[in-house]
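Q: So that we are looking at the same thing, I have put the structure below in C-alpha cells.
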Amino acid sequence: MRHLLDIFDLTTDEIYELIKKTEDIMNHPNYYLDACHGKILGKLFFEPSTRTCNSFESAIQSLGGGVVGFSDPNNSSVVKGECLIDTVRTVSSYSDVIVIRHPQEGAPKVASQVSVCPVINAGDGGHHHPSQTLTDLFTIYKEKGGFDGLTIGLCGDLKYGRTVHSLISGLSRYKNIKLVLISPNELKVPEYEKKEVMDKSWMKYVETTSLEEAIPELDVLYMTRIQRERFSDEKIYERLKDSYILNKEKLNSAKNDMIVMHPLPRVNEISLDVDDDRRAKYFDQVRNGRYVRMALIMKLLSDMDVPDKKQDESSFRHDLKCNNPRCISSTEKDIKSAFRITDNGRCRCIYCDKEVAV
Ligand code: NCD
C-alpha cells in the first residue's frame, strides 16, 4: 500500500490526475456519494487543526464513509502515556486510511512503519504538509490554468512553515517557475530545502526581505503566518510576528490578475480589507481542500495493491543520533535512528531530513 508522507510520494502525472479528478468531483459531487461507502478514516490529530481535520472529515463523509480517532490527544490514551506506535497500530486497526498531524517531524514516517492501512501526513512540525500542497497546487491550476512560467512569492515564515516546504517541493517539478522568497533573515527557507530540492531541480529563486519591492512582479502571492509554536524564544517571535501585513494599499502595486493565497489560519498578515478584493483566493483554497482530499482518499484506497516507493535501506546508517530536538527520533523511545547518505556523502535523518555532521 502507499502513503502520502511528502509530496514526492506522488508523481507529476499523479498530481495532474488528482487535479482532474478534483475538478470532476466539484462538477458532479453526486456521482461520488457512495464512492467510499463503508470505508473509515482514522484521524490522529496531536496538534490543533480547523481546516485540515474538518476537510478530511467532510471529504470521507461526502464519499459515504465514516470517521474514528481523535482531534485532541487529551481525549485519547496518549494522556495515559501510550506511545505513538501503539496509538497508530490501534487507530489504523479500526480504519481504512489514517491521517496524522503531529508536532514532531517524522511522526507520519514512524506511523507508516507500523500502520496496517495507508497514512496521510497532515502536517509534521515544521517539516511537510503534502495534502495542503495538493490543495495549493489545485488552486493555482484552477486560477492560472497551469504552473509553467509563473513567478510565485512565498512570504512570511519560510523556516518553520511546513506548507511552504511542501509547496516548494511540489512546484519544483514544473518548468520555468521563479520563486521570490520573502522573509526576515531569521526565517529563510532551510538549507536542506534549497540544496536537496531547489538546486537539484534547477529552480530559479531570489531571496528578499521586502514584500513591497517583490509584489509588482508576482503572479501568485502565498502569505503565511509566523509559526509561534515553533519558536524556542518567545521574544524573537514577538519581534518578528508583524514582519509582513498585506493590505489593500500594498495590493495596489500588484498585477490585476495576481492571486493571493494563504493556507490559513491568518493571524495578522492579511488585513480584512483584502478579503473583498477579487484577487483574494484563500477562502476558495479552503473550499477546494475538501474536494482535493476526496480525490486523494479515493486514490490511496484504490492503490492498495501498489507498492510504496522503496528506499534502499541497506545503505542506511544506524550508528548516528539525530540532534534535531523537533525530530520524532529524539523524543519518542523505541525508534531506531536511521540516516541516508546523500549524493555528496553527507548523512540525513530519514525522519526529519536534517543533516548531521560525521
Ligand atoms: C497550516 C498548518 O497547519 O501547517 N494550516 C493548514 O493546515 N491549513 C498553516 C499554519 O498553521 O500556519
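Q: Does GLY170 meet the test of being within 16 Å of the ligand (Cβ to nearest atom), modelled with pLDDT of 95 or more and more than 22 Å from SER243 (Cα to Cα)?
A: Considered against the rule, which asks whether it is within 16 Å of the ligand (Cβ to nearest atom), modelled with pLDDT of 95 or more and more than 22 Å from SER243 (Cα to Cα), GLY170 comes out as yes.
Q: Continuing with the same structure: Name the residues in region 322-334 that are part of a loop (DSSP other than H, G, I, E, B) and touching a residue at least 24 places away in the same chain (Cβ under 8 Å), would you?
A: CYS322, ASN323, ASN324, ARG326, GLU332, LYS333, ASP334
Q: Name the residue, out of GLY126, GLY156, that is within 16 Å of the ligand (Cβ to nearest atom) and under 10 Å from the mean Cα position of the chain (by Cα).
A: GLY126
Q: Okay, moving on. Does region 125-149 hold any residues that are among the charged types (D, E, K, R) and assigned to a loop (DSSP other than H, G, I, E, B), and which are they? Full working, then the answer.
A: Within region 125-149, the first condition is being among the charged types (D, E, K, R), and the residues that meet it are 136, 142-144, 148.
Within region 125-149, just ASP148 meets the criteria.
Q: Do any residues in region 43-72 that are within 18 Å of GLN104 (Cα to Cα) and assigned to a helix (DSSP H, G or I) have Cβ atoms under 8 Å from those of residues that are within 16 Å of the ligand (Cβ to nearest atom) and of a type in the set (Ser, Thr, Tyr), where the two are at least six apart or on different chains, and which pairs are they?
A: Sorted first by the residue in region 43-72, then by its partner, the pairs are THR52/SER131; CYS53/SER71.
Q: Residues of region 229-262 being small (Gly, Ala, Ser) and either crowded, with 16+ Cβ neighbours inside 10 Å or modelled with pLDDT of 95 or more (or both), which ones?
A: Scanning region 229-262 gives SER243, SER253, ALA254.
Q: Can you go through TYR222, TYR237 and tell me which one is among the aromatic types (Phe, Trp, Tyr), closer than 20 Å to THR135 by Cα and within 16 Å of the ligand (Cβ to nearest atom)?
A: TYR222 is the lone residue from the list that is among the aromatic types (Phe, Trp, Tyr), closer than 20 Å to THR135 by Cα and within 16 Å of the ligand (Cβ to nearest atom).
Q: Can you tell me which condition GLY125 does not meet? The list is (1) touching a Ser or Thr at 6+ places or on another chain (Cβ under 9 Å); (2) at positive phi, and all the others hold.
A: (1)
Q: Turning to a different aspect of this structure: Just to check your reading of the model, which residue among TYR282, TYR291 is within 12 Å of the ligand (Cβ to nearest atom) and under 22 Å from LYS144 (Cβ atoms)? Steps first, please.
A: Working: TYR291 fails: within 12 Å of the ligand (Cβ to nearest atom).
So the residue among TYR282, TYR291 that is within 12 Å of the ligand (Cβ to nearest atom) and under 22 Å from LYS144 (Cβ atoms) is TYR282.
Q: Report every pair of residues separated by at least 6 positions or lying on different chains whose Cβ atoms are under 7 Å apart, first residue within region 172-187 and touching a residue at least 12 places away in the same chain (Cβ under 8 Å) and over 27 Å from ASP9 (Cα atoms), second surrounded by 17 or more Cβ atoms within 10 Å (Cβ to Cβ) and among the aliphatic types (A, V, I, L, M).
A: ILE182/LEU154; ILE182/LEU211; ILE182/ALA214; SER183/LEU158; PRO184/LEU240; GLU186/LEU240
Q: Here is a follow-up. Do you know which of the residues in region 69-101 that are among the polar types (S, T, N, Q) and under 20 Å from SER55 (Cβ atoms) is nearest to the chain's Cα centre (by Cα)?
A: As a first pass, look at region 69-101 and keep what is among the polar types (S, T, N, Q): 71, 74-77, 87, 90, 92-93, 95.
Subsequent filtering for residues that are under 20 Å from SER55 (Cβ atoms) retains 71, 95.
Working: SER71: 18, SER95: 22 Å.
Within region 69-101, the match that is nearest to the chain's Cα centre (by Cα) is SER71.
Q: Residue under question is ILE120, and the condition is that it be more than 12 Å from the ligand (Cβ to nearest atom), outside any helix (DSSP H, G or I), under 17 Å from LEU10 (Cα atoms) and touching a Leu at 6+ places or on another chain (Cβ under 7 Å); does it hold?
A: yes
Q: Condition test on SER58, is it within 16 Å of the ligand (Cβ to nearest atom) and either among the basic types (Lys, Arg) or under 15 Å from MET298 (Cβ atoms) (or both)?
A: Yes, satisfied.
Q: Within region 175-193, take every residue that is out of contact with any Leu (no Cβ under 7 Å at 6 or more places or on another chain) and modelled with pLDDT of 95 or more and give me the one that is surrounded by the fewest Cβ atoms within 10 Å (Cβ to Cβ).
A: ASN185
Q: Would a scan of region 338-350 turn up a residue that is farther than 30 Å from LEU33 by Cβ, modelled with pLDDT of 90 or more and in a loop (DSSP other than H, G, I, E, B)?
A: Yes: one or more hits.
The values are calculated or read from the model by the stated rules, or taken from the named source; none is laboratory data. It should be emphasised that the depicted structure is a prediction, and the values quoted were computed from it without experimental measurement. Note: ideal-geometry Cβ built from the backbone for every residue, glycine included; neighbour counts use all protein chains shown.
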